[in-house]
1. Taking the condition of being in contact with an Asp or Glu (Cβ under 6 Å, 6 or more places away or on another chain) and within 20 Å of residue B:39 (Cβ to Cβ), how many residues in the stretch B:201-235 meet it?
2. Name the residues in the stretch B:90-141 that are within 23 Å of the chain's Cα centre (by Cα) and acidic (Asp, Glu), would you?
3. Does at least one position in the stretch A:354-371 carry a residue that is surrounded by fewer than 14 Cβ atoms within 10 Å (Cβ to Cβ), free of Cβ contacts under 8 Å to residues at least 12 places away in the same chain, among the β-branched types (Val, Ile, Thr) and under 16 Å from residue A:206 (Cα atoms)?
4. I want to confirm something. Restricting to the stretch B:85-96 and keeping residues that are more than 7 Å from chain A (Cβ to nearest Cβ) and in a helix (DSSP H, G or I), which single residue is surrounded by the fewest Cβ atoms within 10 Å (Cβ to Cβ)?
5. Looking at A:125, A:142, which one is under 30 Å from residue A:90 (Cβ atoms), assigned to a helix (DSSP H, G or I) and either at pLDDT below 85 or of a type in the set (Lys, Arg) (or both)?
6. Quick check on the stretch A:17-33. Is at least one of its residues within 12 Å of another protein chain (Cβ to nearest Cβ), touching a Phe, Trp or Tyr at 6+ places or on another chain (Cβ under 6 Å) and part of a helix (DSSP H, G or I)?
7. Do you know which of the residues in the stretch B:53-72 that are out of contact with any helix residue (DSSP H, G or I) (no Cβ under 7 Å at 6 or more places or on another chain) and within 8 Å of chain A (Cβ to nearest Cβ) is surrounded by the most Cβ atoms within 10 Å (Cβ to Cβ)?
8. Residue A:241 fails exactly one of the following numbered conditions: (1) within 18 Å of residue A:29 (Cβ to Cβ); (2) within 21 Å of the chain's Cα centre (by Cα); (3) among the hydrophobic types (A, V, I, L, M, F, W, C). What is the number of that condition?
Amino acid sequence: MRILAIVKRILMEMSRDKRTIAMMFLAPLFILTLIYFLFQSNTDQSATLAVQNADTQLVKAIDQDHIKIKYVATDKTPTHLIRNHNYAGVLNQKGDKLTLTLQNSDQSKSTILRQGLKAAQAKLKMQAAASTLKSQGQALQKLQQSLGNVQIASPGTSTAKAITTYQQKTHYLYGSSSSTFFDTLLPVLLGFVIFFFVFLISGIALLRERTTGTLNRLLATPVKRGEIISGYLLGYGIFALIQTLLIVAFTMYVFKIQILGSLWNVILINILLAVVALTLGLLISTFAATEFQMVQFIPLIIIPQIFFSGIFPLDQMASWLRPVAYIMPLYYGADAMSSVITQNAGFMAILPDLGILVLFAALFLGLNLVAMRRYREV
Amino acid sequence: MTQTIKVHGLRQGYGKTIVLQDINLTVASGEILALIGPSGSGKTTLVSTIMGMLRPKVGDVTVLGQAMPNRQLLAKIGFMAQTDALYNALTGRENLNFFGAMQGVSKQTLAQSIPAAAKVVDLTEDLDRNIGGYSGGMKRRLSLAIALISDPAILILDEPTVGIDPVLRQKIWLELHKMAAAGKTILLTTHVMEDAEQADSILMIRKGEAIAQGRPKQLISDYQVDSIEAVFLKAGRQQDAHTRNR
């Protein structure tokens, strides 16, 4: 009864705060769209390579979609060329000594050039080997003929093998050839967006109750502290649910992202994340005296969670750093979300993650009830 | 007449600072007690302790025969806080409905008690406006209406008349006397001496101590002065003299 009255009040207050509603529902879509396009353009990056006096065969081998070749005069130094023309790199040959000078202000371009050069050299070596083998094979054939019908294992057959060009076909277990980093990022973002907005809005809402004195006034009624927290959970839970549905629908219909697993699991994870964010937000608001101080907690509480939520693969981190992820609620939420969306994980597979989220929520809930004792001792 | 609020030997404070010392008071049903004292004298702390928001450091507080703090008993106390704790995004009626529900009043009862409470504080016409557009005095009156909403046996009002014009103040006092006559217990704090004179009995608090206690007329004659204000000043001087001698 009292819980419902609190829920009703929260809904009424929110429905009259159009700005906050717009921020909660439109801002995530805006951010996601922005990130989507950022990762789209990143897939066909190309680098310009200036070539000085280099072997034309090698240059031909280097020439491919991602590397643009520019032939330049030999009288200028590579550093000069890069500074004046903004080339990603300069390839210079003196005798049989190749020098690659890289601008290296964009590491991905450097990588493209390094790999391009390596691949070209390998290609040339293969061609050379193939032609020697071919001529050897012809020589052997002649020898064979002159030797008559002597049966020897002909190395000519191995020549044929070396020249074989393989038919390459790639199968993708998850996603497709058009998958970008955005597909990996999306589940993490989905969890993060919910976590961030619920944390901030519910935290500030309770903070406002503290500063305007309505929390004190509420506790002068026979309401239980648990009823206040439950009302908050339910009220803001509804908004988190709407937000989740909106974001999921947007990504499915606008970005055409496939959710391989069950949509119910996605919603379940988001609701749990919202509960954790809410209880954490309410708890953190105890330590803030003003809205400004509440916002100051974002770099401390929210930003580190992004780093450990799977955007940077955990197994590439220093081993001493990895355990930090295990105290971040968003890590478990993002992990479960990625499994459901990109790997079709079922409920049982994400149960451990969900269990830990429940534990986090219970912990924060308990601390909240204790923190509220400050205002009324029973 | 039964004694509904009893405070005995109360000492209260935050951490090591002592805010209230040796406070004793009783209020009976049908009685209006005014706590008067300058700001910072500990009136609000005393009210909070009677409400059970704070546990007494020393001594005990009994309301309706039960020791405070007691959450369930809060349903029988109508409280008006010193600061207007209202939801600004909601209308007056929505605020009344919400706090009524918190107080445990049923919807059917609220449908009748909201217009009644609004009439007492003269807010009937503004009930469906957003609180954001209310003046300071209107917010004060709405806070009072919230205290009345559950028709409680005990009313505890912290500075109920601040920002309320003289005509309405008269009306509110009339209503308070009517409620007291109907057997309700009323405890209010004020620093306006005219308010104190309307009360049945007075407890003067200064620097956390009770310096004078009694019926207004009795106090005036005891201290051989002509107003409550003079009683307060004289009692205050005596308190200072006493502490200097100590």
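1. Within the stretch B:201-235, the subset in contact with an Asp or Glu (Cβ under 6 Å, 6 or more places away or on another chain) is B:216, B:228.
Remaining after also requiring within 20 Å of residue B:39 (Cβ to Cβ): B:228.
Matching residues across the stretch B:201-235 total 1.
2. B:122
3. Looking for residues that are surrounded by fewer than 14 Cβ atoms within 10 Å (Cβ to Cβ), free of Cβ contacts under 8 Å to residues at least 12 places away in the same chain, among the β-branched types (Val, Ile, Thr) and under 16 Å from residue A:206 (Cα atoms), one finds at least one in the stretch A:354-371, hence yes.
4. Ranking the candidates gives B:93 first.
5. Numbers: A:142 fails: under 30 Å from residue A:90 (Cβ atoms).
Within the list A:125, A:142, the selection yields A:125.
6. No, there is no match, as no residue in the stretch A:17-33 is within 12 Å of another protein chain (Cβ to nearest Cβ), touching a Phe, Trp or Tyr at 6+ places or on another chain (Cβ under 6 Å) and part of a helix (DSSP H, G or I).
7. Taking the stretch B:53-72 and keeping what is out of contact with any helix residue (DSSP H, G or I) (no Cβ under 7 Å at 6 or more places or on another chain), we get B:53, B:55, B:57-60, B:62, B:65, B:67, B:69-72.
Imposing the further condition that a residue be within 8 Å of chain A (Cβ to nearest Cβ) reduces the set to B:53, B:55, B:69-72.
Values: B:53: 20, B:55: 13, B:69: 18, B:70: 17, B:71: 17, B:72: 10.
Among them, the one singled out is B:53.
8. (2)
The values are calculated or read from the model by the stated rules, or taken from the named source; none is laboratory data. Here the structure is a predicted model, which means the values were calculated and not measured. In this analysis, Cβ positions are derived from the backbone assuming ideal geometry, glycine residues included, and neighbour counts consider all displayed protein chains.
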